[in-house]
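Everything below concerns the one structure shown next.
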Amino acid sequence: MASDVEKKTMLPNMENRTLMARLGLPNWDSPEGRVWVNRLRDNVPFIAITLVILLFWFISGDRFMSVRNWTFIAQQTPVLLLLAFAQLLVVTTGSIDISVGSNLGFSAYMAALGMLWFGELGFIVGIFAAMLIGVLNGAIFSLFKISSFVTTLAMLIIVRAVLVIVSDGRSIYVSDQPMSNSNITSIEAKWLLDLGQFPQILYFTVLVAVLLWIVYEKTVFGQQLKALGGNEKVLRLTGISVNWFKIQVFAAAGFMVGLASFINLARSGAATVQAGEMLELDAIAAVALGGTVLTGGYGSVLKTVVGALTLTIVANGLTIAGVPPSWSRIARGLLLIIAIAISLNRKQIDVVK
Amino acid sequence: MNSPAKPILEVNSVSKAFGGVEALRDGSLKLSPGEVLAIVGANGAGKSTLIKIIAGVLTPDRGDISIKGKSIARQDHTVGFIRQMGVEVVYQDLAIVPNMTAPYNLFLGRVPRKFGIFVDEKKMQEKTREVLAELKVETVQSLKRPISEMSGGQQQSIAIGRAIAWGKEIVILDEPTAALGPNETQQVERVINEIRKRNTATILISHNLDQVFRLADRLVVVHQGNTSKEFMRNEVTIDELVKAITTG
Amino acid sequence: MKRFFHGVLGIMMLAPISFAEAVTPRKDLVFADLGQPQTNPWVINRHRFQECVARALNIEQILADDENSESKHVSQAESLVARQPDAMVFNPLTSPAGAQVARLLERNRIPGMTAGRVVVADYDKEYNGQFLIGQMGTNLDAWGAAMAQAAIDDGHRKIAMIWNPKDVITTQYIWAGAQRVIDKYPDAEVIMEGRDRLSRETGIKYAEQYVARFGEGEIDAIIVLGATAGLGAQFALEQAGRTDIDVITCDIDEQVAQNIRDGKLSFSIGGHWMGGGFAMIHLYDYLHGFPIEDTQPDFSLIPVNASNVDAYERQFLNGCVLTPNEIRNISRVYNPDADLAGFIENFSNTWND
């Protein structure tokens, strides 16, 4: 009986041992092997981005690997990255927020309106608007016990509609000089347009990323995010007000969306009705590409940066390489599948007891 | 370790019915500091109802419990209040946040702070080493890795450690080793013996009668909703106990 | 022949009304309108002009939009039919969706007309029903051709584009017109295609990628579908300091007009949104017993450059394009000699006279 069991478990191990030994690698089923596999998985986002960069460098040469192009990549990543940060906060707790794209469009418009009404500091109206949407998301989700997917799906629809009503479809432009045409709604703010350009946009984003890293890794709030994603029931038993905490999480995500919308306003030089459409999917994709499991409990700010950067580089690289648009979309879709496959594997490894 | 004069927990003839079915008719017991009391009984005998009343999850229909000599009023009979009084339950599988570190799990809900918002990692790790040493739990894994990478026995030890680390005087262990292998069970049993030395009172619910005999000082049998019999461990044989469980 | 048959049929059906009441204008008409959401400037313009027509002819309108979804296009049409309007104007999201709406109209005996896109390519040859009385189309091929011709006439030969994905059929027809013109010039070529959901942000993104891909002299112009993305592309080029690249776009709002005046944009083309109002007039006449004369009138868009931008802005961007009297004057209910088909055909040439 015992020898039967032994045979069954020993045989594959023997095979693996020879295979792995031949490759000079430790047996994957041994404790050291598991550590080794885990370490490899941990580094998949970094390996992926390196491969992607090398691939496009090889295909497009200096057109891709030029200062000019990397300046554009630095300008194209921040909005997506800040939205991915918002998503990271929510996904870590095991929920999802698909309203971030609509919220971005709405709060960018509110920021522009705020600047029209109150002058330059009026952009804060946009940040508050984004947080308000976040608080509403969190409150509906936690108090009415409607799943975050459904709650934020409803919010995605409602917020975009509110934006259409508030704006009546008209754009608000940001300009660096006074506008002569009184039919055009515009705000004069050169500093804002400058913020949307390299290098300011990069400094701003790096600053936000560092602050978020501190919050995510070093604060009680950050730890609770992961704990909530890990085992909500236990967290409830310890006397933490989980409902209130969830509202805080969505408000924090809203704040991040507010920053993203502010940067979007700066970068695109206008608040339009379509801003942020479908960006929620890119934000989720960036988080997944960063190796964060969508079921919650784990996550990394640094890897989310790598995920957003990878997504931007792939879109940029495919265009520069002259890949036809539909094929480019297929490539991006496949990339996403691979990323999620990786995160699922990771989950299995980590939860095995 | 016979019961001293002053019990830390008294359960006085509590009963509970669910929709006309009496799950518990008359549950009574006393518990002293430093004592390990095992509650045994067949499935459906009323064990878990009794435990849930002690933990505050259920309010008894009749009867009451008193902790440290203080009777718990009906309106105070809640999980939160009873926890404050020093009662902690360690469940078979609910007690751990698997993706977090051992120190975090030990400090769950009480994470020490620096400057109001930051986690005091150093303090958490020191205290964790202290508790692990006290419970004689050896770990090879880094305290910075998720607790799910530890063995089941180590995980359960941390859960028990959390209960006692914060001065809980009564720890209820609900099937603490049901999900564990033999070696890990041994480890948890060692921890239970260690907490006895700290003068913490323990209630153990277990289906494993060998384990009950190894650990408990005293045994209470629940049969058809009544705490029908009580034995000192050294005054009863397994056969007598089995008879008591099956026939009352 | 079909046209004649239709006319006879229309007279026969409506004979009692038309003879009894002669041509006393009805004031109780309710028109349903189904189109796309107001996230596009031209949809807003379409509604604005229809409102002018509705006021001039005492028509009450019920508006609905399809949220850019085929299935919602049909279900919204059903909801509108349930309210039993006298007529329906709709802009089919796709031909299949439009065909379903046409069947719905036939079953419920509600006269309708498309505005913008079409249900069948050739109404007289391919359509067998009675209640879809015609298709108020836009000359898509001429539209694209005009954009490409403007680029060619400005001396541009290396042309990139930013367009909708190929599954948006109508915009494929527009591009076909542009491609036809470019193919006529052997030295002209489309050096890169960018296809995506169009917004200011995607306009910026693709323009930046083209700038990274092509140095000076390697690209002359970018043809961008829609002013929202077009302005984004132009903004990106300005920020990147690439004044060597021209942007050709379509749709004219205040900002586009201003940029044309400032010499930042050389050309745009617009006015296709007037089709909805013209469809209403067709249906209005039909309900008063006048058979439709041209079942598939094509509206030619109005090209705008520095020479006529002021006139365009004066006439098209402020209030109604046509006064109530002008509107009534092209309806046979008010003017027995009205020539609606001729008016539509010639409007792009005569508007500025």
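Simple point charges give the picture: +1 on the Cβ of Lys and Arg, -1 on the Cβ of Asp and Glu, and for chain C a dipole about the Cα centre of about 780 debye.
Each label was represented as a point 7 Å from its Cα along the Cα-to-Cβ direction; for A:VAL135 and C:ARG83 these points are 3.6 nm apart.
Summing +1 for each Lys or Arg and -1 for each Asp or Glu among the other residues whose beta-carbon sits under 11 angstrom from that of C:ASP339 gives -3. As a proxy for reagent exposure, ranking A:LEU334, B:LEU50 by other Cβ atoms within 10 Å from fewest up yields A:LEU334, B:LEU50. For segment B:63-73, 3J(HN,Hα) computed residue by residue from phi via the Karplus equation (6.51, -1.76, 1.60; θ = phi - 60°) reads x, 8, 10, 10, 10, 6, x, 10, 6, 8, 5 Hz, glycine and proline entered as x. In this rough spin-label picture, where each label sits 7 Å from Cα along the Cβ direction, the A:GLN197-C:GLN172 distance is 4.1 nm. Under Stokes-Einstein, with the Kirkwood radius over Cα pairs standing in for Rh, what whole-number D in µm²/s applies to chain B at 20 °C and 1.002 mPa s? My calculation gives 114 µm²/s for D. Mind checking which of A:SER148, A:MET278, A:ILE320 is farthest towards the positive end of segment A:60-347's charge dipole, using Cβ charges of +1 (Lys, Arg) and -1 (Asp, Glu) about the Cα centre? Farthest along the dipole direction, towards plus: A:SER148.
In this calculation the C-beta distance from B:ASN234 to B:GLN92 is compared with R0 = 35 Å, giving a FRET efficiency of 0.80.
The lysines whose alpha-carbon is closer than 26 Å to the alpha-carbon of A:LYS190, local same-chain residues fewer than 8 away aside, are C:LYS205, C:LYS264. Segment C:29-93 and segment B:26-66 have Cα centres separated by 69 Å. Reducing segment A:190-256 and segment C:197-246 to their Cα centroids gives an inter-centroid distance of 35 Å.
Of all stretches in chain C that contain no trypsin sites (Lys or Arg not before Pro) in a DSSP loop with at most 15 other Cβ atoms within 10 Å, the longest one is C:198-353. This ranking places C:ILE174, B:ILE170, C:ILE62, A:ILE240 by how few other beta-carbon atoms lie within 10 Å of each, fewest first, which gives C:ILE62, A:ILE240, B:ILE170, C:ILE174.
Other protein chain C-beta atoms within 10 Å of residue C-beta, averaged over A:231-238: 6. Roughly how many Å is it from the Cα centre of segment C:294-353 to that of segment A:313-336, as a whole number? For segment C:294-353 versus segment A:313-336, the Cα centre distance is 44 Å. Taking Lys and Arg as +1 and Asp and Glu as -1, the other residues whose beta-carbon sits under 12 Å from that of B:ASN199 total +1. Simple point charges give the picture: +1 on the Cβ of Lys and Arg, -1 on the Cβ of Asp and Glu, and for segment A:60-347 a dipole about the Cα centre of about 800 debye. Couplings 3J(HN,Hα) of segment A:240-253, computed from phi: 6, 6, 5, 4, 4, 5, 4, 4, 4, 4, 5, 5, 5, 5 Hz, in residue order, whole Hz [Karplus 6.51 cos²θ - 1.76 cosθ + 1.60, θ = phi - 60°; x for Gly and Pro].
Label positions at B:ASN199 and C:LYS27, each projected 7 Å from the Cα along the C-beta direction, are separated by 9.8 nm. Net charge near A:ASP62, counting Lys/Arg +1 and Asp/Glu -1 over other residues with Cβ under 14 Å of its Cβ? Net charge around A:ASP62: +2. All C-alpha to C-alpha distances of segment A:60-347, sorted into 5 Å bins beginning at zero, yield P(r) values of 1, 6, 12, 16, 18, 17, 14, 9, 5, 2, 1, 0, 0 percent in whole numbers.
Pairs over the 20 Å Cα-Cα cut-off, from the set A:LYS246/B:LYS122; B:LYS6/B:LYS30; A:LYS233/B:LYS52; B:LYS70/B:LYS168: A:LYS246/B:LYS122. For chain C, the mean residue ellipticity at 222 nm estimated from helices alone is -15000 deg cm²/dmol, where every DSSP H run of n ≥ 4 contributes -39500 (n - 2.57) and the total is divided by all residues, rounded to the nearest 500. If you wrap the tightest convex hull around every Cα atom of segment C:155-266 and split its volume per residue, you get 95 Å³.
Phi angles of segment A:152-161 translate, via the Karplus equation with coefficients 6.51, -1.76, 1.60 and θ = phi - 60°, into HN-Hα couplings of 6, 5, 4, 5, 4, 6, 5, 5, 5, 5 Hz per residue; Gly and Pro are given as x. If only the Cβ of Lys and Arg carry +1 and only the Cβ of Asp and Glu carry -1, the dipole of segment A:217-304 around its Cα centre is close to 320 debye. For segment B:148-248, the equivalent ellipsoid built from the Cα gyration tensor has semi-axes of 26, 16, 12 Å, listed from largest to smallest. Think of segment C:155-266 as a dipole: +1 on every Lys or Arg Cβ, -1 on every Asp or Glu Cβ, centred on the Cα centre; then among C:LEU225, C:TRP175, C:VAL190, C:TRP175 lies furthest on the positive end.
Over chain B, DSSP H runs of length four or greater, each weighted -39,500 (n - 2.57), average out per residue to a 222 nm ellipticity of -9500 deg cm²/dmol. Taking chain B as a Gaussian network of alpha-carbon nodes connected by springs under 10 Å, the highest mean-square fluctuation of the residues B:ALA159, B:ALA38, B:ALA178 belongs to B:ALA178. Taking amide H as placed 1.01 Å from N in the peptide plane, C:ILE191 has its amide H under 5 Å from the amide H of C:ILE159, C:ALA160, each at least 5 places away in sequence or on another chain. Partners of C:LYS184 within straight-line reach, counting lysines whose Cα lies under 25 Å from its Cα and excluding those fewer than 8 residues away in the same chain: C:LYS158, C:LYS166.
May I ask which residue of B:LEU135, B:PHE118, B:THR227 lies farthest towards the positive end of the charge dipole of chain B, with charges of +1 (Lys, Arg) and -1 (Asp, Glu) on Cβ and the Cα centre as origin? Looking along the dipole axis, the top candidate is B:PHE118. Remark on the protein assembly as shown: C:CYS250 stand apart, with no other cysteine beta carbon under 4.7 Å. Under a 5 Å amide H cut-off, with hydrogens placed 1.01 Å from N, C:GLY270 pairs with C:ASP251, C:ILE302, C:VAL304 among residues at least 5 apart or on other chains. Close amide H partners of B:ALA38, meaning residues 5 or more places away or on another chain with modelled amide H under 5 Å apart, are B:LEU204, B:ASP217, B:ARG218, B:LEU219, B:VAL220. On the principal axes of its alpha carbon atoms, the protein assembly as shown extends 117, 71, 62 Å, with the longest extent given first. Along chain C, counting only GluC sites (Glu not before Pro) with a DSSP assignment other than H, G, I, E or B and at most 14 other Cβ atoms inside a 10 Å radius, the longest segment between sites is C:1-215. Cβ crowding within 10 Å, taken as a proxy for footprinting-reagent exposure, orders A:VAL52, B:VAL212 from fewest neighbours to most as A:VAL52, B:VAL212.
Taken together, the values in this text are just the output of simple stated rules run on the coordinates, not laboratory data. Predicted model only: the values in this text are computed from it and were never measured. All Cβ positions, glycine included, derive from the backbone under ideal geometry; neighbour counts span all protein chains shown.
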